[in-house]
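J.: Okay, here's the structure, questions in a sec.
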Amino acid sequence: MNTVRKGYIRPVDFKHGRVDMTHGSGGRAMAQLIEELFLAAFDNDWLRAANDQACFAVQGGRMVMATDSHVVSPLFFPGGDIGCLSVHGTVNDVAMSGAKPLYLSASFILEEGFPLADLKRIVESMAHAAREAGVAIVTGDTKVVEQGKGDGVFITTTGIGVVPAGVNISGDRARPGDAILVSGTLGDHGVAIMAQRESLGFETTIQSDTAALHDLVARMVEAVPGIHALRDPTRGGLATTLNEIARQSGVGMMLREEALPVRQEVEAACEFLGLDPLYVANEGKLICICAQDDAEKLLEVMRAHLLGREAAHIGSVHEDPHHFVQMETGFGGKRIVDWLTGEQLPRIC
Amino acid sequence: MKYINEFRDGKTARHIAAAIAAETRADRRYHIMEFCGGHTHAISRYGLSDLLPENIRLIHGPGCPVCVLPIGRIDNAIDLALNRGVILATYGDCLRVPASGGLSLLKAKARGADVRMVYSSADALKLAQDNPDREVVFFAIGFETTTPPTAVALLQAEKLGLKNFSVFCNHVLTPSAIANILESPEVRLHGTVPLDAFIGPAHVSTVIGSQPYEHFAEEYEKPVVIAGFEPLDVMQAILMLVRQLNEGRAEVENEFSRAVTREGNVKAQNLVAEVFELRKSFEWRGLNEVPYSALRIKAKYAAWDAERRYGIEYKSVADNRACECGAILRGLKRPQDCKLFGTVCTPENPMGSCMVSSEGACAAHYTYGRYKDAVGT
């Protein structure tokens with residue numbers, strides 16, 4: 001029988017407790033929160049070592065690093081929450097280079113008074129998303145700000161990954177003649193968030209598409225190592241992302257409106273909110289630009305994957321000194337698909 | 001999306017386009033003004049002018065609520081938000097309209113003004129209910145479509161005894177603007193703006209009906225076809241106008257019969273008549289002072305009239321001298337004729353109001369059609 005008495009520690013009250021300033025003070029309350037919440041959820045050797053940094057071996061070759069802050073409002077939305085979103089967002093940014101994401105850091109800014117029960121839900125959702133994605137959250141930080149100086153929780157994650165040999169994917173590699181593919185329906189995340197905003201209060205069945213795309217990317221890169229560009233169309237949507245790539249690569253693009261996959265519910269919600277699905281954020285979709293000859297093969301690989309079932313060939317790249325992204329409308333006319341102007345939906349991710 | 005996609009069908013569009021091409025006479029030109037920004041947007045977004053013969057010219061009219069709002073009125077709203085400590089509730093389109101001193105409501109917000117974007121007058125009313133210790137002013141703008149909801153909010157406030165809510169009324173009237181364009185010397189005397197026919201408003205007409213346009217058809221001999229905001233509506237209206245012009249008719253026809261009647265929405269009209277009365281004169285951007293072209297709140301509802309409550313004084317402010325919004329709103333110039341277009345005036349940094357709202361002629365051309373200007377350069 002164990003005769004050593006357990007320490008005189010009263011467990012954190014995750015049912016009724018709230019974040020207070022001591023949780024960021026560096027003292028015992030903070031240590032306890034880290035141990036009982038973050039360490040328990042993210043559990044791995046690096047965190048257990050309890051250092052201020054994580055130490056890991058590196059392989060040869062090229063590594064990528066990406067960082068992303070998350071301020072989404074509301075924190076919980078249909079199809080996800082800020083926790084899983086903060087993992088998916090950074091995993092996807094790393095993966096869009098063709099890399100395999102390995103490690104994440106997570107930094108929390110908590111607002112005094114935030115319910116610990118909600119924080120626990122968020123952290124567990126992060127842990128679940130990280131495990132599913134096969135990445136480890138190896139280091140982190142927690143700060144607390146006074147009530148009214150934050151909005152519940154802000155989370156910043158940074159990710160590191162390794163690019164397979166022979167893969168060179170970059171936004172400046174789109175070439176005239178290339179095909180433009182998209183992995184699925186557009187605008188789901190933005191509309192799901194919008195529907196939750198209290199000022200609107202309409203009911204939909206639309207769920208956020210938030211998902212980690214690195215496995216889909218791995219299959220695509222395996223099939224066609226010579227993919228030219230990949231990017232996830234988050235804020236600003238498909239339109240803004242394509243404009244970024246067109247400018248980086250110094251090319252023009254032509255989309256076919258009829259080929260764009262948009263869910264009927266999303267189209268309808270956008271219709272009455274006065275939004276254009278092309279500009280609404282996605283969190284689980286990617287755009288792929290590849291040689292025309294590789295398009296069919298890639299579409300086949302994408303459609304065989306759970307996250308690419310509705311993949312579509314939506315347009316092509318051509319020479320254009322003005323770097324316009326244009327679209328043949330379903331109507332037979334032509335128009336520009338311009339950069340997003342102003343802010344369509346604030347705090348979407 | 002049923003009842004919407006039917007009106008965006010490409011195949012039908014090509015049929016109508018073929019009919020238009022077959023019926024236009026080569027020996028004349030057709031100058032058609034679409035009054036509403038909603039039509040301007042549909043024309044640009046769906047690339048409709050690509051489907052029309054070269055001798056049909058579409059002229060963008062002044063029917064964009066944000067575009068016709070004069071700078072002085074925005075200045076008034078900014079003053080309320082910045083210096084009077086009120087919560088100013090307004091439609092999203094108003095936020096970026098440039099005002100005096102390089103300000104806009106959005107920039108005023110960044111300087112500490114409490115400006116809230118709402119989707120309806122009911123949201124503004126709710127803000128007042130949720131913030132009983134604050135004064136909430138609804139910055140009401142728009143044509144006859146948005147006027148009845150403002151009336152409803154005001155009547156609700158009365159019913160609820162809501163004392164911290166008021167309305168800064170800037171509602172304007174479509175028929176007065178059309179009359180002003182038709183009466184302008186450019187159209188009437190000099191003929192510098194050839195104007196053969198009108199595509200009549202969609203949503204406005206659901207409220208006021210088709211009857212008010214009969215005067216224009218008779219008095220000025222200009223055909224009017226009231227059309228919905230979907231691209232097929234616009235195409236069909238153009239075909240109907242071409243036919244009227246070819247046959248020498250000048251009638252009011254209703255393409256938007258699925259929503260518009262001759263009498264309009266009488267209930268809504270009665271609500272408006274209960275709360276509002278005509279202003280003697282109102283300044284429009286581009287059209288200057290137009291007599292009896294706007295509404296104000298009746299004395300009976302003075303308690304909810306922000307103009308009375310805060311003693312708002314209107315001061316006219318001139319546009320940037322190089323800005324051609326005025327001429328563009330009257331159909332005298334096209335966006336690409338303005339020196340500022342696309343250089344200093346862009347959707348990110350609008351100088352004139354036509355670049356602000358997606359319904360504005362400049363924003364529509366910049367966003368959807370500017371590739372046509374770039375060809376060959």
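J.: Looking only at region A:85-117, filter to residues that are outside any helix (DSSP H, G or I) and acidic (Asp, Glu); which one of those is nearest to A:PRO74 (Cα to Cα)?
T.: Across region A:85-117, the extreme among qualifying residues is A:GLU111.
J.: Pick out, from region A:236-349, the strands (runs of 3 or more DSSP E) lying fully within it that include 3 or more residues that are under 22 Å from B:ALA42 (Cα atoms) and either more than 13 Å from chain B (Cβ to nearest Cβ) or in contact (Cβ under 8 Å) with a residue 24 or more places away in the chain (or both).
T.: A:252-256, A:325-328
J.: For region B:230-249, what are the residues that are more than 14 Å from chain A (Cβ to nearest Cβ), touching a helix residue (DSSP H, G or I) at 6+ places or on another chain (Cβ under 9 Å) and not in a helix (DSSP H, G or I)?
T.: B:ARG249
J.: Also, I was wondering about something else. Can you name every residue in region B:279-302 that is over 13 Å from B:HIS171 (Cβ atoms) and either buried (at least 17 other Cβ atoms within 10 Å of the Cβ) or not assigned by TED's automatic domain parsing to the domain that holds B:SER166 (or both)?
T.: B:GLU283, B:ARG285, B:GLY286, B:LEU287, B:VAL290, B:TYR301
J.: When you look at A:VAL301, is it modelled with pLDDT of 95 or more, within 25 Å of B:ASN349 (Cα to Cα) and among the aliphatic types (A, V, I, L, M), yes or no?
T.: When the stated conditions are applied, A:VAL301 does not pass them.
J.: State the number of residues belonging to region B:292-312 that are on the phi < 0 side of the Ramachandran plot and in contact (Cβ under 8 Å) with a residue 60 or more places away in the chain.
T.: 14
J.: What single numbered condition from (1) aliphatic (A, V, I, L, M); (2) closer than 30 Å to B:GLN244 by Cα; (3) over 16 Å from the mean Cα position of the chain (by Cα); (4) at pLDDT 95 or above fails to hold for B:LEU189?
T.: B:LEU189 satisfies every listed condition except (4).
Results for (1) closer than 20 Å to B:PHE198 by Cα; (2) buried (at least 23 other Cβ atoms within 10 Å of the Cβ); (3) in the same structural domain as B:ALA217 (by TED's automatic domain parsing), shown as yes or no for each residue.
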site	(1), (2), (3)
B:PHE139	no, yes, no
B:THR146	no, no, no
B:PRO149	no, no, no
B:ALA157	no, yes, no
B:LEU162	no, no, no
B:ALA179	yes, no, no
B:SER184	yes, no, no
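J.: Another question, if that's okay. Restricting the search to region B:49-65, which residues are more than 13 Å from chain A (Cβ to nearest Cβ) and in contact (Cβ under 8 Å) with a residue 40 or more places away in the chain?
T.: B:ILE56, B:ILE59, B:HIS60, B:GLY61, B:PRO62, B:GLY63, B:CYS64, B:PRO65
J.: Let me ask something else. Would you mention how many residues in region A:7-37 are aromatic (Phe, Trp, Tyr) and touching a helix residue (DSSP H, G or I) at 6+ places or on another chain (Cβ under 6 Å)?
T.: 1
J.: Would it be correct to say that B:SER121 is outside the structural domain of B:SER358 (by TED's automatic domain parsing), closer than 26 Å to A:CYS270 by Cα and among the small types (Gly, Ala, Ser)?
T.: Against the criterion (outside the structural domain of B:SER358 (by TED's automatic domain parsing), closer than 26 Å to A:CYS270 by Cα and among the small types (Gly, Ala, Ser)), B:SER121 qualifies.
A quick yes/no check of all residues on (1) within 25 Å of A:ILE193 (Cβ to Cβ); (2) under 19 Å from the mean Cα position of the chain (by Cα); (3) crowded, with 18+ Cβ neighbours inside 10 Å:
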position	(1), (2), (3)
A:GLY250	no, no, no
A:GLU257	yes, no, yes
A:LEU278	yes, yes, yes
A:GLY284	yes, yes, yes
A:ASP294	no, no, yes
A:LEU298	no, no, yes
A:LEU306	yes, yes, no
A:GLY333	no, no, yes
A:THR341	yes, no, yes
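J.: So, one more: Tell me, which residue of region B:212-229 that is assigned to a loop (DSSP other than H, G, I, E, B) and more than 14 Å from chain A (Cβ to nearest Cβ) is surrounded by the fewest Cβ atoms within 10 Å (Cβ to Cβ)?
T.: B:GLU221
J.: Can you name the condition, by its number, that A:ALA229 falls short on among (1) surrounded by fewer than 20 Cβ atoms within 10 Å (Cβ to Cβ); (2) within 21 Å of the chain's Cα centre (by Cα); (3) closer than 16 Å to A:ALA179 by Cα?
T.: Looking at each condition in turn, A:ALA229 falls short on (1).
J.: Return the pairs, sorted by first residue and then second, in which the second residue is modelled with pLDDT under 95 and not in a helix (DSSP H, G or I), the first residue lies in region B:10-31 and is over 20 Å from B:ASP196 (Cα atoms) and within 14 Å of chain A (Cβ to nearest Cβ), the beta carbons are less than 7 Å apart, and the residues are 6+ apart or on different chains.
T.: Qualifying pairs under 7 Å: B:GLY10/A:GLY330; B:GLY10/A:PHE331; B:GLY10/A:GLY332; B:ALA13/A:PHE331; B:ALA13/A:GLY332; B:ARG14/A:GLY332.
J.: Considering only region B:321-377, state which residues are in a loop (DSSP other than H, G, I, E, B), within 16 Å of B:MET33 (Cβ to Cβ) and either free of Cβ contacts under 8 Å to residues at least 40 places away in the same chain or more than 14 Å from chain A (Cβ to nearest Cβ) (or both).
T.: Answer for region B:321-377, where residues must be in a loop (DSSP other than H, G, I, E, B), within 16 Å of B:MET33 (Cβ to Cβ) and either free of Cβ contacts under 8 Å to residues at least 40 places away in the same chain or more than 14 Å from chain A (Cβ to nearest Cβ) (or both): B:ARG330, B:GLY331, B:LEU332, B:LYS333, B:ARG334.
J.: So is B:TYR46 within 22 Å of the chain's Cα centre (by Cα), within 11 Å of another protein chain (Cβ to nearest Cβ) and surrounded by 22 or more Cβ atoms within 10 Å (Cβ to Cβ) or not?
T.: Values: within 22 Å of the chain's Cα centre (by Cα): yes; within 11 Å of another protein chain (Cβ to nearest Cβ): yes; surrounded by 22 or more Cβ atoms within 10 Å (Cβ to Cβ): yes.
Yes; evaluated as a whole, the condition is true for this residue.
J.: Moving to a separate point now. In this structure, does B:HIS39 turn out to be within 22 Å of B:THR367 (Cβ to Cβ), buried (at least 16 other Cβ atoms within 10 Å of the Cβ) and either at pLDDT below 90 or more than 11 Å from chain A (Cβ to nearest Cβ) (or both)?
T.: yes
J.: Condition check: outside any helix (DSSP H, G or I), among the basic types (Lys, Arg), out of contact with any Pro (no Cβ under 8 Å at 6 or more places or on another chain) and free of Cβ contacts under 8 Å to residues at least 60 places away in the same chain. Does B:ARG188 satisfy that?
T.: Here the answer is no, as B:ARG188 does not meet what is asked.
Quick grid of which residues meet (1) of a type in the set (Asp, Glu); (2) away from every other protein chain (no Cβ under 14 Å); (3) in contact with a helix residue (DSSP H, G or I) (Cβ under 8 Å, 6 or more places away or on another chain):
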position: B:VAL118; (1), (2), (3): no, no, yes
position: B:ALA124; (1), (2), (3): no, no, yes
position: B:ASN131; (1), (2), (3): no, no, no
position: B:ALA140; (1), (2), (3): no, yes, yes
position: B:THR147; (1), (2), (3): no, yes, yes
position: B:THR150; (1), (2), (3): no, yes, yes
position: B:LEU155; (1), (2), (3): no, yes, yes
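J.: Just the residues that are buried (at least 17 other Cβ atoms within 10 Å of the Cβ) and either of a type in the set (Val, Ile, Thr) or under 11 Å from B:HIS365 (Cβ atoms) (or both), please, taken from region B:321-345.
T.: B:ILE328, B:ARG334, B:PRO335, B:CYS338, B:PHE341, B:GLY342
J.: A:ILE122 - would you say it is within 16 Å of the chain's Cα centre (by Cα) and either assigned by TED's automatic domain parsing to the domain that holds A:VAL262 or over 19 Å from A:THR234 (Cβ atoms) (or both)?
T.: Yes: the conditions hold for A:ILE122.
J.: Out of (1) farther than 30 Å from A:CYS290 by Cα; (2) assigned to a strand (DSSP E or B), what's the single condition that is false for A:ALA195?
T.: (2)
J.: Specify which of the listed residues (B:ASP79, B:ASP50) is of a type in the set (Asp, Glu) and modelled with pLDDT of 95 or more.
T.: That would be B:ASP79, the only listed residue that is of a type in the set (Asp, Glu) and modelled with pLDDT of 95 or more.
The values are calculated or read from the model by the stated rules, or taken from the named source; none is laboratory data. Quick caveat, the model's predicted, so the values are computed rather than measured. We place every Cβ from the backbone using ideal geometry, glycine too, and count neighbours over all the protein chains shown.
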